Structures are given as C-alpha cells and as structure tokens.
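Right, one structure below, let's go through it.
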Amino acid sequence: MWPLVAALLLGSACCGSAQLTFNATRFVEVTICNKTVVLPCIVNNVESKNIKDMYVKWKFKGKDIFTFDGNKQKSNASSNFTSANITPSELLNGIASLKMEKSDAKFGNYTCEVTELSREGETIVELKYRIVSWFSPKENILIVIFPILAILLSWGQFGILTLKYKSNRTNEKTILLIVAGLLLTIVIIVGAILLIPGEYSIKNASGLGLIVIPTVILILLQYCVFMTAFGMSSFAIAILIIQVLGYILAVVGLSLCISECAPMQGPLLISGLGIIALAELLGLVYMKFVAANQKTIQPPRKAVEEPLNAFKESKGMMNDE
C-alpha cells in the first residue's frame, strides 16, 4: 500500500500539476481609441518545451471562434472573427492571448482553453466598452464660453460705434457689420450645439470646427469697427496682432485635436480662443476710452461741403431773379 502511494506521489512530482493554472484577468476594457483588442490568457505552469504539445481554443458564448493545433502547426478562426490570432512562439512561455481587430470584437465573456499533453485548464475574460470623453467637462465649457464671450464683446464694440460715432459714413458699414455679426453668432451657436460632451465623433469634430474657424470674422469685424470709428492707431494695430496670434494658436490646436480621439493639445486650442476673447475685451476698453475723450465725430468734409454748396447755388439763383 505505502509503496503504491509513494509511487503516485513521485509520479505527480515528476509530471507536475495535473491542472494548468492561469494568471486570471477578470475583464478588459476597450474604448473608441482602440484599433486592436488583446484578450489576455497567461498560463503559469507550462512545462512543455515543444510547441507540438500545445493546443489552444478560444470560445465566445460557448461557440468556438479560434483554435490552434500545435501538432499540426495550424490556426483556424471563425468567419465572425477573421482577424483573431495568437502568437504561437509565445505559447511555451505560457502566453495564449488572443488578438483581433476592434471591428471583429464583440462585448461579452470569452473563454480561453489551453491543453498541454494530458493537462488542461481554462480562464474567462470579459470584454467591456468604456466611454471616453473627447474633452474633459472643463475643456468643453471653456471651448464654448470663450468664443461666445468674444462675440458679446464684439457686439459691445458695435454698440459704442452706433451710439457715439454717428455719421453718414457709418450707415452702409453698419448694415454689413450687423449681418456679419449675426451670421457669426448663429454659426458659433450651431457649433456649440454639435459639440456635445462625449466621445470623439464626426459631429463633435464638425461642431469644434464651426466654433474655431469662423472666429476669423471677429478679426475683420474689429478692424472694420476701428477704421469706421477713429482709424488705425498703434494700439489698435497691436490689438489686432494679438487677435491674429490667438487665432493661429486656435487653428493649430484644432488641427491637432481633430486628428486624435483623445486630444492632448486641448489647452493650446483653449489658449488661442482665450486670447481672441482678450483681444476683443481690449478693443472694447480702447473704444470706450477713445469715445469718452471725444465729444462727437463730425461728418466727413464732403458731407458738409455738398449741402453748403447747394445752399449757396440756390441763394444765388434767388438773387438773380
């Protein structure tokens, strides 16, 4: 009796454990940024030195989706998981992880079964989907607030222009400024609506583009307001240069953010938009300061001379009669 027990124990010690053990992973998360998916399957006690002794089977919801037969050196993937594969050379190191394209991956429980001669074992891995926001909540708020603030400040400049600088030369330009301002306001609002917090999508990217790119109109509007009111001064030119630099930063940040599903250059984009809003604030303060030091703006000389000449001509005709 005792010799038999001793022989069994000795055989067990020589052959190793009858069951394969795994470094278990409960679940794997995939996001919109993933292009491929890796489901880990790591065996802790592989003893074989020959790949022909290994057999791997992956299942999804009880159905075989991938098999590898080491004896035949052959892999087979089902029609729904055509990109599924493992790295056979890593099997002897205990790695039977399944790799596949994200388009083939389905969410749920996957079972990895590994057989080494007479030993076998299995582990279950769940594939989950995790939502990753394109921008953080704070970044989303700042991206929307800065352009809207810049538009409000631009309307403030327009208000000073119409109230303080009343002359015939402002009539035609006023209409153009109103139309451009309204168009820009509508576009920014539409962009803000499309830029809904959430994952990267074409809709979100379109909304961001509608917010950033049309802000160039603010530069043109501020230039027209300065020229209509009091012409270009060194301070006005400096404000416009600051605004142009802000726009360049915003556009560069936009191009970098759109190319990434998890943008790292959000602060650059936000900084550009913030500088644009700052330039509009400086322009408003400057216009208010200049307007406060001017009692009124006289109409152009031609606008005064033409009625005066007409009055003189009519008076001359009356004297002739």
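The values are calculated or read from the model by the stated rules, or taken from the named source; none is laboratory data. Because the structure is a prediction, the values reported are computed rather than measured. Quick reminder, even Gly has a Cβ in these numbers, built from the backbone with ideal geometry, and neighbours come from all protein chains shown. Heavy atoms of the whole protein, side chains included, go into the accessibility calculation; ligands, DNA and RNA do not. Shrake-Rupley method; radii C 1.70, N 1.55, O 1.52, S 1.80 Å.
Note on the range 40-77 and the range 98-159: Cα centroid distance 30 Å, given to the nearest whole angstrom. Between the amide H of Asn45 and those of Thr21, distances stay under 5 Å, these residues lying 5 or more places away or on another chain, with hydrogens modeled in the peptide plane. For Thr36, the amide hydrogen comes within under 5 Å of the amide hydrogens of Lys102, counting only partners 5 or more places away or on other chains and with H modelled in the peptide plane. Here Leu245 sits with roughly 100 square angstrom of accessible surface, probe radius 1.4 Å. For the pair Leu220 and Leu183, the difference between a 0.36 nm per residue extended length and the Cα-Cα distance amounts to 12.0 nm. Evaluated on the range 36-90, the Kirkwood hydrodynamic radius is 12.3 Å, with distances taken between all distinct Cα atoms.
At full extension, Leu152 and Ile193 could sit 13.0 nm farther apart than now, given 0.36 nm per residue minus the alpha carbon distance.
Between Ile124 and Ser201, the FRET efficiency from the beta-carbon distance, with R0 = 45 Å, is close to 0.90. Using heavy atoms of the protein chains and a probe of 1.4 Å, the accessible area assigned to Val290 is about 20 Å². When you restrict to C-alpha pairs under 8 Å that are six or more residues apart and normalise by the size of the range 23-135, the relative contact order lands at 36 percent. Just list whichever of Lys74/Lys128; Lys138/Lys203; Lys49/Lys102; Lys102/Lys203 have alpha carbons separated by over 27 Å in the model shown. As for pairs spanning more than 27 Å Cα to Cα, those are Lys74/Lys128; Lys49/Lys102.
Stretched out straight at 0.36 nm per residue, the stretch from Met232 to Thr36 would grow longer than its current Cα-Cα span by 64.9 nm.
The convex hull defined by the C-alpha atoms of the range 203-294 has an orientation-averaged projected area of 5.9 nm². Rounded to the nearest 0.05, what FRET efficiency is calculated for Ser133 and Asn80 with R0 set to 22 Å and r the Cβ-Cβ distance? So, using R0 = 22 Å, E works out to roughly 0.10. Take the Cβ atoms of Glu29 and Lys61, set R0 to 25 Å, and the FRET efficiency comes out at 0.85.
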